[in-house]
Amino acid sequence: MKILLAAASLVIRGATLIDGTGAPPRGNSLVVISGGRIVFVGEATPEALRRLPADAEVVNAVGKWVLPGLIDAHVHADSDEDLKTMLRWGLTSVRLMAEDTARAVRLAAASRRRSDIPEVFPAAPILTAKGGWWDQGEPADGSLDRFPGTPKRARESVRRAKALGSTEIKLMLDDMGWCRDPLPRLPRMTPDVAAALIEEARRSGLRVSIHAPNLADAKEVITGGATALAHGVLERIDEGTLGVMKTRPVFYIPTMDIFEFLADTKTFVEGVLSDPRAARGLPPSVLARYRSPAYSEGYARRYPNVRNLRERLPALRENLLRLHRTGVPVALGTDMWAFPGLGVSIEMDLYIKSGISPLEAIRTATQTAARSLAVDGDRGTLEAGKRADLLLLDADPLKDVRNLRAIAAVYKAGVRASPR
């Protein structure tokens, strides 16, 4: 311990520590950081404090809470500013769904050097049927075919993605009837193309996230070898499928917030903005747009199957709790375009309302989300040897998980990001 403490460059002392593993919180903690890594986690005893070097930066965090930097396992970013906003809300790592593979790989490399955005782990490209979901004005990939129409073309796209540096691809397997009926349903990727994409990706060592909110589609890709469901499933998952998801495992990323958002946009937005901390995080022009009747009415026109959505919400909540209790790994993901970064506290609040404990809800956005990206050996928990991604709070997130918005400081690899 003496050597480790002597190497300290940054020390956070006195906070209540939530380590991200689901373990009970620990008071009067001491977190010692050197070279962007955690070198010691323990109690801030008088002896430990005496051993700290005189030139170490010591943050007096008595009365605060410290926990791992948050990880969102499903984001989209329309701009660099979206990514900066995510970091300001405590996200230090994100799985970014991206259309252009080469661009996403470049962004990922840059994010490892930058201290103003989370580290980016791309799922790229987003593969879909021509004219299907995510071919509604979204850009093509200039380096490969994002809309393969045959198994041969599908395999070529996966091999090209790997050659460009991708470690994960995403498939859209959905005609969108669940939210768009009675509007025309969209073309859905054919089973043979989907199977070829998954098989080639797994053979090549790539992870595969699938957009498949309908149970039949989800079962098809789970059988085929998918590594993650990128959204919750809107029908009750049967025991056989649940067993496969647990043993393989298949990560379950519920994105509860988007289903609640589309089921009643006006009520959802009003609920979020009723917290002054959330409202302060948005520019006045955005606040005015979100609060206008035209905003919620626009979503109702584009996604008119509101009654179906509302009827499916109980099954969505039941699936989340059943999977969690059975041992299927639940990784928090938001897909929340309206509230980048802030969506994590929104999503986590929905988990708790579904019956998951606050400690386990936090774990979904720390240790389990890191596992879903295969980086849990490097981050996701506060342990010696892990990267020093930390979130320091002014209020207790176990009392109210929305206190994740009470941010005192965010550290990415030991470097403090500007407070929100």
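The values are calculated or read from the model by the stated rules, or taken from the named source; none is laboratory data. Only a predicted model underlies this, so the values are computations on that prediction, with no experimental measurement involved. We place every Cβ from the backbone using ideal geometry, glycine too, and count neighbours over all the protein chains shown. All accessible areas refer to the heavy atoms of the entire protein, side chains included, with ligands and DNA or RNA removed. Shrake-Rupley method; radii C 1.70, N 1.55, O 1.52, S 1.80 Å.
Please determine, by comparing only the residues of segment 221-238 that are at pLDDT 95 or above and in a helix (DSSP H, G or I), which one is farthest from residue 173 (Cα to Cα).
The qualifying residue farthest from residue 173 (Cα to Cα) is 222.
Does at least one position in segment 259-270 carry a residue that is open to solvent by 10 Å² or more (accessible area, probe 1.4 Å), aromatic (Phe, Trp, Tyr) and assigned to a helix (DSSP H, G or I)?
There is at least one residue in segment 259-270 that is open to solvent by 10 Å² or more (accessible area, probe 1.4 Å), aromatic (Phe, Trp, Tyr) and assigned to a helix (DSSP H, G or I).
From the residues in segment 391-404 that are in contact with a strand residue (DSSP E or B) (Cβ under 9 Å, 6 or more places away or on another chain) and open to solvent by 10 Å² or more (accessible area, probe 1.4 Å), which one is farthest from residue 346 (Cα to Cα)?
So, considering only residues that are in contact with a strand residue (DSSP E or B) (Cβ under 9 Å, 6 or more places away or on another chain) and open to solvent by 10 Å² or more (accessible area, probe 1.4 Å), the one farthest from residue 346 (Cα to Cα) is 394.
Return the residues of segment 244-258 that are in a helix (DSSP H, G or I), touching a residue at least 24 places away in the same chain (Cβ under 8 Å) and over 16 Å from residue 76 (Cα atoms); say none if nothing qualifies.
Hits for segment 244-258 are 245, 246.
Does residue 379 fit the bill of being basic (Lys, Arg) and either closer than 24 Å to residue 209 by Cβ or not in a strand (DSSP E or B) (or both)? Give the derivation first.
On the way: basic (Lys, Arg): yes; either closer than 24 Å to residue 209 by Cβ or not in a strand (DSSP E or B) (or both): yes.
It is true that residue 379 is basic (Lys, Arg) and either closer than 24 Å to residue 209 by Cβ or not in a strand (DSSP E or B) (or both).
Please work out which residue is modelled with the lowest pLDDT, limiting yourself to segment 1-17 and to residues that are open to solvent by less than 40 Å² (accessible area, probe 1.4 Å) and within 13 Å of residue 58 (Cβ to Cβ).
So the residue we want is 5.
Open to solvent by 10 Å² or more (accessible area, probe 1.4 Å) and not hydrophobic (A, V, I, L, M, F, W, C): does that describe residue 213?
Values: open to solvent by 10 Å² or more (accessible area, probe 1.4 Å): no; not hydrophobic (A, V, I, L, M, F, W, C): yes.
No; evaluated as a whole, the condition is false for this residue.
Working only within segment 152-181, note down all residues that are open to solvent by 50 Å² or more (accessible area, probe 1.4 Å), assigned to a helix (DSSP H, G or I) and either of a type in the set (Phe, Trp, Tyr) or closer than 28 Å to residue 94 by Cα (or both).
Selection gives 155, 156, 159, 160, 162, 163.
Please give the number of the condition residue 147 fails out of (1) among the aromatic types (Phe, Trp, Tyr); (2) in contact (Cβ under 8 Å) with a residue 60 or more places away in the chain; (3) over 30 Å from residue 409 (Cβ atoms).
Failing condition for residue 147: (2).
Restricting attention to segment 108-126, report how many residues are part of a strand (DSSP E or B) and either open to solvent by 30 Å² or more (accessible area, probe 1.4 Å) or touching a helix residue (DSSP H, G or I) at 6+ places or on another chain (Cβ under 6 Å) (or both). It would help to see each step written out before you state the result.
Let us first name the residues in segment 108-126 that are part of a strand (DSSP E or B), namely 119-123, 126.
Filter once more, keeping what is either open to solvent by 30 Å² or more (accessible area, probe 1.4 Å) or touching a helix residue (DSSP H, G or I) at 6+ places or on another chain (Cβ under 6 Å) (or both): 119-122.
The number of residues fulfilling the criteria is 4.
What strands (runs of 3 or more DSSP E), lying completely within segment 18-76, carry at least 2 residues that are surrounded by fewer than 21 Cβ atoms within 10 Å (Cβ to Cβ)?
Because the criterion is at least 2 residues that are surrounded by fewer than 21 Cβ atoms within 10 Å (Cβ to Cβ), the strands (runs of 3 or more DSSP E) in segment 18-76 that meet it are 37-43, 57-60.
On the basis of being at pLDDT below 95 and among the small types (Gly, Ala, Ser), does residue 104 make the cut?
Numbers: at pLDDT below 95: no; among the small types (Gly, Ala, Ser): yes.
So residue 104 fails the test.
Condition (residue is assigned to a strand (DSSP E or B) and open to solvent by 40 Å² or more (accessible area, probe 1.4 Å)) applied to segment 351-367: is it met by at least one residue?
There is no residue in segment 351-367 that is assigned to a strand (DSSP E or B) and open to solvent by 40 Å² or more (accessible area, probe 1.4 Å).
On the given criteria, is residue 92 over 18 Å from the mean Cα position of the chain (by Cα), within 19 Å of residue 76 (Cα to Cα) and surrounded by 24 or more Cβ atoms within 10 Å (Cβ to Cβ)?
No.
In the set 288, 294, 216, 279, which member is at pLDDT below 95 and in a helix (DSSP H, G or I)?
Being at pLDDT below 95 and in a helix (DSSP H, G or I) holds for just one of 288, 294, 216, 279, which is 279.
Among the residues of segment 182-196, are any free of Cβ contacts under 8 Å to residues at least 60 places away in the same chain, surrounded by 22 or more Cβ atoms within 10 Å (Cβ to Cβ) and within 21 Å of the chain's Cα centre (by Cα)?
No, the conditions are met nowhere in segment 182-196.
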